[in-house]
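The values are calculated or read from the model by the stated rules, or taken from the named source; none is laboratory data. Keep in mind that what you see is a predicted model, and the values were worked out from it rather than measured. All Cβ positions, glycine included, derive from the backbone under ideal geometry; neighbour counts span all protein chains shown. These area figures cover heavy atoms from the full protein model, side chains too; ligands, DNA and RNA do not enter into them. Shrake-Rupley method; radii C 1.70, N 1.55, O 1.52, S 1.80 Å.
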Amino acid sequence: MTTNRLISILIPIISVILGLIAGAIIMLISGHNPIEGYAALWNGAFGDQYTLGETIRRTTPYIFTGLAVAFAFRSGLFNIGAEGQVMVGWLAAVWVGLAVDAPMYIHLPLALITAAAAGAVWGFVPGLLKAKLGVHEVIVTIMMNYIALYSMNAIIRNVLTEKKTTTAEIHGSASLASEWLQSITYFSRMHYGILIALFAAIIMWFIIQRTSIGYELKAVGFNRHASKYAGMNVSKNIILSMVIAGAFAGLGGAMEGLGTYGTVSVMSGFTNLGFDGIAVALLGGNNAFGVVLAAILFGALKEGAGQMPTGAGVPTELVDIIIALIILFVASSYIIRWALLRFKKEGK
Amino acid sequence: MKNRKFITMFVLILSLGTLLAACGSDDKGSDSDNKDGDTEDFTAAMVTDIGGVDDKSFNQSSWEGLQEWGKEHGYSKGEGIDYAQSNDKADYMPNLNRLIREDYNLIFGIGFELKEDLEKVAGQYDDKHFAIVDDEIDAPNVASIMFKEHEGSFLVGVAAAMKTETNKVGFVGGIDSPLINKFESGFIAGVKSVNPDIEVEVEYAESFGAPDKGKIIASNMYSNGADVIYHSSGGTGNGVFNQAKDLKQNDPDRDIWVIGVDRDQYDEGQIGDDNVTLTSMIKRVDVAVEDVSNQAMDGDFPGGELLEFGLKDDAIGFATTNEEAITEEIIDTVNEWEEKILDGDIDVPQTRDETKEFVDSL
């Protein structure tokens, strides 16, 4: 048991290290200094208060989308739809932020709840189709992403604004942004959302580990038929799992809408928050605290990557390759697991 | 026991990594400090939108302008001029801040997508100069650079109307927005001014960086009978060129054309001995970027002003590089219309409502 646990902690760490080594080799081959490159990456993510604030800001939605994917995965469902759930959450949060006039203690929670509800609805549809008709959730969630993207663009253009591409700024009473946080981080866009994100991670841990609902969800994930035989309502659990996952992702969208931007804009493509959430969940081992750590890593990599072209002359494309390599090694964790076990056996 | 070995090994590797990173960052820190101390010259940098600096269009043109300006003053990339490329919307703010912290005196935001972020940053750093291309920001330290794209689009619309044999032409836009609507409006007005019976098919790709979508849209338009497509979609337009070249390669006798945007996109249209680029609506972002950089360097930065570049300033025009395609006859006609616009006989529409009025009045 302890060795298993150790291995599952080691795998992501080894993956990241292998990814960084592979990235260094690529930088060497293409004639860049890897130490300089990684120093720029580090400085870009943690170099001063501003980048630190921005890294935390970027981490916040990753925690939510990571949780959204991880939660569904615990019940054996692949939630590829975190992307769409983020978008509807974002839109809903900004909509409430614009349309409602109320004091902060009502307005902000209302905006957050609406965002969670919007995400939940976006999770409910694939959950229902999966539970009742057996339609594969991967296909439905992917399609729901497109529905979210184009509906959102249409609503921004025609309902929230008059043919503009960006809405007005939300009322201050719904905003998560904090002048105090901005002032200590040289005007980074860091906002209070990180606290909500950490709280959400605790909630996920609590639901999964400490409640009978969580027990049932996990049981369905392990073996659907056995759960049914044990008297659990499999359909209900599938739907519930997708709804909660959707709510997490919806909140992730609210972080962007209420915290980072304060607006919502017409998007030309996906935000990638949801897709990166898949990698975050994978790297975090579908565990709430693992997700938080993985989200921090992702936030730091993405934020720091921007510094590599200007700081060390490493082209942007190379940075993308390095990040992709890290994900690749995480995804091929099976090989690392196999190697570790093999290594262990021979050692005995 | 084994476990302990594992842990020791990884603690070692991790600490080694941290150590290396720490060394590196120290070096870097002192390095940039030196640079700040030595140079007192006026420097400029730009943040691209998601099209990227090699979009063969508007970002590239801006960077060319900045490079040209850098050459005049002995700068090269990283030394006095630089760009930061944005891969998505979330990158704009960090990129702007990165350049601010690297102490560039003038920072360009390329594209209307950067408006909100640039506005915020300009409020926070009121000792820095900023410039936005393609939108207007009302702040004392921001110069707004805009172009009369509708005028240039009108002219290429005239050329398209002269060239089409199927009486059907297409327009591919990037994001459906007031800016790109200017291109669309001018183009439609130009086409209809020559022949009101020509049909204009309008499609938006909803992205400036999606050549795949551009290719699909172009494929549909060409198979629906359109023979000239005007694209105003940044990097997405590369897909339009791609499709046109594919069709041309399969059937060299087929007459299909693309009208480029922002830069002379003649090179993009070359396929074997043929070239599918009829003309390009040229928008000299490079001239504007160079211009504003020079003004700022000389101490009269046009902060708070809206600079509009149009036909009059030779900042808008059309390309005549493809001599086989754009015949003397077409050029003469286009020039006639250009005179009319310059004389004020025609007020080229800028929005869909104005276009409707314009077309109805023909």
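A few remarks follow.
- For segment A:313-325, residues that are β-branched (V, I, T), open to solvent by 20 Å² or more (accessible area, probe 1.4 Å) and at the interface with another protein chain (Cβ under 10 Å from one of its Cβ atoms) total 1.
- Among (1) within 14 Å of chain A (Cβ to nearest Cβ); (2) touching a strand residue (DSSP E or B) at 6+ places or on another chain (Cβ under 8 Å); (3) farther than 26 Å from A:G269 by Cβ; (4) not acidic (D, E), the one test that B:K115 misses: (3)
- Residue check, B:E308 surrounded by fewer than 18 Cβ atoms within 10 Å (Cβ to Cβ) and closer than 25 Å to B:Y266 by Cβ: no
- You will find that of A:V86, A:V69, A:V94, the residue that is open to solvent by 10 Å² or more (accessible area, probe 1.4 Å) and of a type in the set (A, V, I, L, M, F, W, C) is A:V69 and no other.
- Of all residues in segment A:333-348 being under 26 Å from the mean Cα position of the chain (by Cα) and touching a residue at least 60 places away in the same chain (Cβ under 8 Å), the one that is nearest to A:T60 (Cα to Cα): A:S333
- Here the condition is being touching a helix residue (DSSP H, G or I) at 6+ places or on another chain (Cβ under 8 Å), outside any helix (DSSP H, G or I) and more than 14 Å from chain B (Cβ to nearest Cβ); of A:G76, A:G97, it holds for A:G76 alone.
- Checking each residue in segment A:326-343 for being more than 13 Å from A:L41 (Cβ to Cβ), open to solvent by less than 40 Å² (accessible area, probe 1.4 Å) and assigned to a helix (DSSP H, G or I) picks out A:V330, A:S333, A:I336, A:L340.
- Of residues in segment A:38-53 being open to solvent by less than 20 Å² (accessible area, probe 1.4 Å) and facing another protein chain (nearest Cβ under 9 Å), the one nearest to A:W338 (Cα to Cα): A:A39
- The criterion of being among the acidic types (D, E), away from chain A (no Cβ under 14 Å), open to solvent by 10 Å² or more (accessible area, probe 1.4 Å) and in contact (Cβ under 8 Å) with a residue 12 or more places away in the chain holds for B:E165.
- Restricting segment B:58-96 to residues that are of a type in the set (S, T, N, Q) and in contact with a helix residue (DSSP H, G or I) (Cβ under 6 Å, 6 or more places away or on another chain), the residue that is most open to solvent (accessible area, probe 1.4 Å): B:Q85
- If only residues of segment B:279-305 that are β-branched (V, I, T) and part of a helix (DSSP H, G or I) are counted, the one that is surrounded by the fewest Cβ atoms within 10 Å (Cβ to Cβ) is B:V287.
The rows are residues; the columns are (1) touching a Cys at 6+ places or on another chain (Cβ under 8 Å); (2) more than 19 Å from B:V292 (Cβ to Cβ); (3) modelled with pLDDT under 90; (4) within 11 Å of chain A (Cβ to nearest Cβ).
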position	(1), (2), (3), (4)
B:K89	no, yes, yes, yes
B:M93	no, yes, no, yes
B:I110	no, no, no, no
B:G123	no, yes, no, yes
B:I137	no, no, no, no
B:K148	no, no, no, no
B:F171	no, yes, no, no
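- Of the set (1) modelled with pLDDT under 90; (2) within 17 Å of A:T316 (Cβ to Cβ); (3) within 12 Å of chain A (Cβ to nearest Cβ), all apply to B:D55 but (3).
- Scoring A:I25 on the criteria (1) in a helix (DSSP H, G or I); (2) surrounded by 24 or more Cβ atoms within 10 Å (Cβ to Cβ) leaves a single failure, condition (2).
- Residue match in segment B:238-252 (condition: surrounded by fewer than 17 Cβ atoms within 10 Å (Cβ to Cβ) and outside any helix (DSSP H, G or I)): yes
- The residues of segment A:264-312 that are open to solvent by less than 20 Å² (accessible area, probe 1.4 Å), assigned to a loop (DSSP other than H, G, I, E, B) and hydrophobic (A, V, I, L, M, F, W, C), listed by number, are A:V264, A:V266, A:M267.
- Test for A:F187: is it aromatic (F, W, Y) and under 30 Å from A:I11 (Cα atoms): no
- The set of residues in segment B:182-202 that are within 14 Å of chain A (Cβ to nearest Cβ) and over 15 Å from the mean Cα position of the chain (by Cα) comprises B:E184, B:S185.
- A count restricted to segment A:143-174 and to residues that are away from chain B (no Cβ under 14 Å) and either farther than 27 Å from A:G193 by Cβ or touching a His at 6+ places or on another chain (Cβ under 6 Å) (or both) stands at 3.
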